[in-house]
1. Just a yes or no: is a residue in the stretch 73-84 within 28 Å of ILE212 (Cα to Cα) and without any contact (Cβ under 8 Å) to a residue 12 or more places away in the chain?
2. When both residues are 6+ apart or on different chains and their Cβ atoms are under 8 Å apart, which pairs have a first residue that lies in the stretch 226-252 and is of a type in the set (A, V, I, L, M), and a second that is surrounded by fewer than 17 Cβ atoms within 10 Å (Cβ to Cβ) and in a loop (DSSP other than H, G, I, E, B)?
3. Could you check, for the stretch 82-94, whether at least one of its residues is assigned to a helix (DSSP H, G or I) and either farther than 18 Å from GLY152 by Cα or not assigned by TED's automatic domain parsing to the domain that holds ILE144 (or both)?
4. For the stretch 50-66, enumerate the residues that are closer than 14 Å to PRO7 by Cβ, crowded, with 17+ Cβ neighbours inside 10 Å and not charged (D, E, K, R).
5. Six or more apart or on different chains, Cβ under 9 Å: which pairs go from a residue in the stretch 192-215 that's at positive phi to one that's surrounded by fewer than 20 Cβ atoms within 10 Å (Cβ to Cβ)? Could you list them?
6. So ALA71 clears everything in (1) modelled with pLDDT of 95 or more; (2) over 13 Å from the mean Cα position of the chain (by Cα); (3) assigned to a loop (DSSP other than H, G, I, E, B) except one condition, right? Which one?
7. Provide a single number: the residues in the stretch 42-58 that are over 20 Å from the mean Cα position of the chain (by Cα), touching a residue at least 24 places away in the same chain (Cβ under 8 Å) and closer than 15 Å to ASN10 by Cα.
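The values are calculated or read from the model by the stated rules, or taken from the named source; none is laboratory data. The model shown is predicted, which means the values in this text are computed figures rather than measured ones. Glycine also receives a Cβ, built like all others from the backbone with ideal geometry; neighbour counts cover every protein chain displayed.
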Amino acid sequence: MNIIDIPSPNCTKGRNQFMPEAIVVHIMEGSLSGTDNWFRNPQSKVSAHYGVGKNGEAHRYVQEPDTAWHAGRVNAPAWPLIKPAGNGLYINPNFYTIGIEHEGNEDSVWTDAMYSSSSTLIKDISMRWNIPLDGQHIIGHHEIYSLKTCPGNKVDLNKLIALAGNTPAPTLLSAIPKKISGTGKATTITGLNIRSMPNRNNAPVTTVHAGIQLFYDGFTKEGENINGNNKWFFTNEGNWFWSGGVKDENNEPG
């Protein structure tokens, strides 16, 4: 894969004794050339390891063994593999992730060239660092920092992962799945994304903190399978949340 090196000064040498364990997918909210300039500016104090343009062109800003400054802020994280540091704090995710930026904004439809280039890049990175190609290790930035929708509303992360692994993309729900009625309440046990459909294909509607009580009107067993669990609850607002992220206080059969 041809990669153009555009070194950024905004990085930390090494990884504070950590190793890359996951890849964070970002959207640039701008152009590839604009991001090149922004990452080369020391005053911006931001960077990523790579950038991918709409035409598939790939740029490298920070070497993988070093720490790019792309995902250091944490807010109500939904990523189950984030590393706690105690007292509600977290080890800086930059130390153990690799960041890839993509040209466009949160409502941009990704080109075939972007999917092809990014998936090839993800595959190469995963092989170098033995990173599994799944939804827990190839994640959207919003799963770390819930105040953003990054990488946006149009990207299909499942497709990106499938392309990287040369496997068929999982079938996404194109219609409302079969619902089973049963009102109740559940308490979040971690930061949890609320979705418009029972899958992780699009950015979340919102994210709630751990310890929040949610009310549901029923569930489905036809949602996206996460860690062997495809049960999702639905709310009267028309949204969904994964049952694995909550403690069901009504003990609905699963």
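1. Among the residues of the stretch 73-84, at least one is within 28 Å of ILE212 (Cα to Cα) and without any contact (Cβ under 8 Å) to a residue 12 or more places away in the chain, which makes the answer yes.
2. VAL246/ILE189
3. Of the stretch 82-94, the ones assigned to a helix (DSSP H, G or I) are 93-94.
Now drop any that are not either farther than 18 Å from GLY152 by Cα or not assigned by TED's automatic domain parsing to the domain that holds ILE144 (or both), which leaves 93-94.
Yes, the stretch 82-94 contains at least one residue that is assigned to a helix (DSSP H, G or I) and either farther than 18 Å from GLY152 by Cα or not assigned by TED's automatic domain parsing to the domain that holds ILE144 (or both).
4. Those that are closer than 14 Å to PRO7 by Cβ, crowded, with 17+ Cβ neighbours inside 10 Å and not charged (D, E, K, R): TYR50, GLY51, HIS59, TYR61, VAL62.
5. Note: pairs meeting the criteria are GLY211/THR187; GLY211/ILE189.
6. (2)
7. Count: 3.
Matching residues to (1) of a type in the set (Phe, Trp, Tyr); (2) exposed (fewer than 15 other Cβ atoms within 10 Å of the Cβ):
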site	(1), (2)
GLY211	no, yes
GLY218	no, no
GLY223	no, no
GLY228	no, yes
TRP232	yes, no
THR235	no, yes
GLY238	no, yes
SER243	no, no
ASN250	no, yes
